[in-house]
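Bear in mind these aren't lab numbers, they're just calculated from the coordinates by the rules spelled out. Being a predicted model, the structure only gives us computed values, none of them experimental. Positions of Cβ are generated from backbone atoms using ideal geometry, with glycine treated the same way; all protein chains shown enter the neighbour counts.
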Amino acid sequence: MSWYLNILNGLIILFVIVMLRHTVLRARYFLHIFQQNGYKLNEFWHWMISHWAQRVITTEHVLYNIVIAVLLFFVSNTITGSSAIIVLGLFGLFWFVPFNYYRGESPKKPLAFTPRMIRLTIPFAILVFVIPFLSTYIAFTGRWVALINKDVLYIAEMYILSFGWVLGNIAVPFFIFIAALLTKPYESYVHRYFIKLAKKKLERMPDLTVIAITGSYGKTSTKFMIRDLLSERFSVCSTPGSYNTPMGICKVINNDLEAHHQVLVLEMGARYEGNIDELCDIAEPDISVITNVGLAHLETFGSQDAIARTKSTLVKRTKPHGKAVLNADDKRVDAMGDLRDDIDIIRIGLENGEIRASDIQYNQEGMQFTASTNNESVTFNMRLLGAHNVQNMLLAIGVAQTFDVRLTTMAMAAKHMEPVEHRLELKQQGSLTVIDDAFNSNPTGAKNAVDILAQFNSGRRIIITPGMIELGDIQEEKNREFGRQIGQAALDLVILVGQNQTEPIKQGILSTDFDPSKLNTVASLSEANSLAQEFAQPGDIVLYENDLPDSFDE
């Protein structure tokens with residue numbers, strides 16, 4: 001019987017290894033989600049509520065506990081200890097070997113073990129493994145007794161082992177709350193320290209011009225355009241990527257801003273009312289730029305009027321005798337010009353304002369348009385796409401004009417600008433032209449992308465999209481409207497990714513005269529790519545519109 005006992009021992013050890021792996025991966029996953037939610041417990045909790053059955057307490061957790069309960073309370077008198085080990089071990093392997101929390105694909109924005117994340121991970125890891133390791137200790141010390149004495153103890157310890165690991169696995173996301181609360185006092189101290197350093201550094205640079213950009217969409221693109229235009233004549237420091245939080249801004253000021261810099265360009269993001277004030281407390285702008293007031297983060301703001309109030313804070317916090325560059329095509333933004341009479345207001349727009357654009361044309365190398373001020377008109381050629389990018393460039397032109405940069409100089413700089421990654425990024429993949437607009441989509445951006453694709457007249461036009469999320473109560477309506485825009489664009493192939501998520505888009509498409517045979521729904525991006533490759537011919541254009549965040553699960 002020694003071989004039989006060795007098999008049972010091996011099954012128990014294998015069960016522990018599998019549960020250890022699954023718990024580690026699950027812990028890493030929830031740390032990732034917490035980081036993506038800005039280390040904010042309320043947002044993390046809302047995410048947990050919306051993903052409760054898919055990720056928090058999952059089907060395998062419920063079913064495995066049912067198996068334990070059935071064995072323990074209903075058949076414990078008839079089942080042997082070795083049978084219990086086999087049943088619990090095999091069910092555990094079957095349910096917990098797979099780990100597909102990232103929808104079978106690698107995360108597009110990996111977990112970053114920043115100093116803050118490391119500080120959080122230490123108490124979190126201790127909490128996560130207390131229950132599993134304690135149950136393992138009890139089970140394995142009890143097993144040696146069971147080999148000598150009664151089979152009853154043998155059974156009881158397997159129940160403790162299996163239940164302990166599953167309970168610990170379930171508790172993983174809840175321990176993040178405890179770990180975050182334990183580290184909160186120190187994190188608050190760190191925040192105050194770095195903010196104080198940043199403010200003192202700015203005080204030591206009185207000649208520095210601070211430019212701050214906010215808006216629902218287009219902040220990052222506008223920031224890089226301003227940076228590139230001003231870099232023709234000035235030494236410019238700007239925040240990289242989407243660094244638009246207090247700690248992101250402080251990091252750039254403390255680490256990247258140097259004495260020779262003449263201009264600091266900051267992006268200021270907001271998910272709640274009061275966020276812009278918090279950022280302006282660190283760096284009050286000499287020049288403020290408002291791109292638009294859209295529907296981004298509507299779930300946290302509650303209404304578009306609340307979004308407008310928050311964005312308008314940047315104009316209110318602009319230094320006296322400063323300047324504000326506003327998108328006059330957006331009525332809510334245009335109205336912000338009436339908030340101050342002690343700063344210069346510069347309005348831009350495709351249809352309104354003192355700086356305008358006209359004659360927008362697209363080709364496989366980018367786009368061309370004419371920028372006009374009260375004094376001159378100049379043709380711009382860019383590798384960027386979209387009317388909204390033209391608006392972003394007009395905002396950058398408005399800023400650059402306050403520094404007396406000539407329009408012709410700006411046009412030369414614009415020609416060499418690189419598109420922001422995954423934001424209407426024009427690429428060549430073999431014989432195909434790809435428009436990569438995979439960065440989280442919004443109704444305005446999605447409409448612009450479809451309009452751009454529809455205006456290409458060389459090759460067939462293909463769109464791949466999973467639709468939009470994080471739009472609150474209007475999400476279904478906006479996705480249905482997006483579908484109608486796709487249907488009216490007369491595209492050659494539409495591939496929707498995700499059956500449930502894209503149902504409103506499908507309904508919108510089918511409400512038009514679009515040919516249903518050109519509409520396909522697939523389960524994953526890899527399936528969408530395969531279908532597009534089968535269909536595509538040299539010269540075709542493929543638009544990737546939106547890529548759902550790693551925290552999303554259908």
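When you count the other C-beta atoms within 10 angstrom of each residue and take the mean per peptide, 501-514, 484-497, 78-91 line up highest first as 484-497, 501-514, 78-91.
If you average 1/r across every pair of different Cα atoms in segment 29-134 and take the reciprocal, what Kirkwood value do you get, in Å? Write down the numbers at each step before the final one.
Working: mean 1/r = 0.0600 Å⁻¹.
Computed over Cα pairs of segment 29-134, the Kirkwood hydrodynamic radius comes out at 16.7 Å.
Taking the 0 to 90 degree range and rounding to the nearest ten, how far is the long axis of helix 2-36 tilted relative to the main principal axis of the chain, both from C-alpha atoms? Result, in degrees: 20.
Each part gets one Cα centre, and for segment 23-94 versus segment 513-542 those centres are 37 Å apart. Computed over segment 325-385, the range of Cα coordinates on each principal axis works out to 43, 25, 16 Å, biggest value leading. Label sites at Lys331 and Ala259, each approximated as a point 7 angstrom past Cα along Cα to Cβ, lie 5.3 nm apart. Compared with the direct C-alpha span, the chain from Phe174 to Gln488 gains 108.4 nm at full extension, assuming 0.36 nm per residue. With a simple spin-label model that places each label point 7 Å from the Cα along the Cα-to-Cβ direction, the separation between Asn363 and Leu181 comes to 6.3 nm.
Take each of the peptides 359-367, 217-225, 392-400, average the number of other beta-carbon atoms within 10 Å over its residues, and list them starting from the highest. Intermediate results must be reported in sequence, preceding the final value.
On the way: 359-367: 15.3, 217-225: 25.7, 392-400: 27.3.
By packing density, highest mean first, the sequence is 392-400, 217-225, 359-367.
Starting from the Cα-Cα distance between Thr379 and Thr409, subtract it from 0.36 nm times their residue separation and give me the gain in nm to one decimal. Residue separation times 0.36 nm, minus the Cα-Cα distance, leaves 9.7 nm.
How far, in degrees from 0 to 90, does helix 115-148 lean away from the longest principal axis of the Cα atoms of the chain, to the nearest 10? Its long axis makes an angle of about 10 degrees.
The antiparallel fraction among DSSP beta bridges confined to the chain stands at about 30%. Remark: spin-label model distance Asn352-Trp3 equals 8.6 nm, labels positioned 7 Å along the Cα→Cβ axis.
Computed from the Cβ-Cβ distance with R0 of 41 Å, the FRET efficiency linking Gln507 to Glu534 stands at 0.95. Using only the C-alpha atoms, the convex hull of the chain corresponds to 178 Å³ per residue. Measuring r between the beta carbons of Glu418 and Tyr137 and using R0 = 60 Å, the FRET efficiency lands at 0.60.
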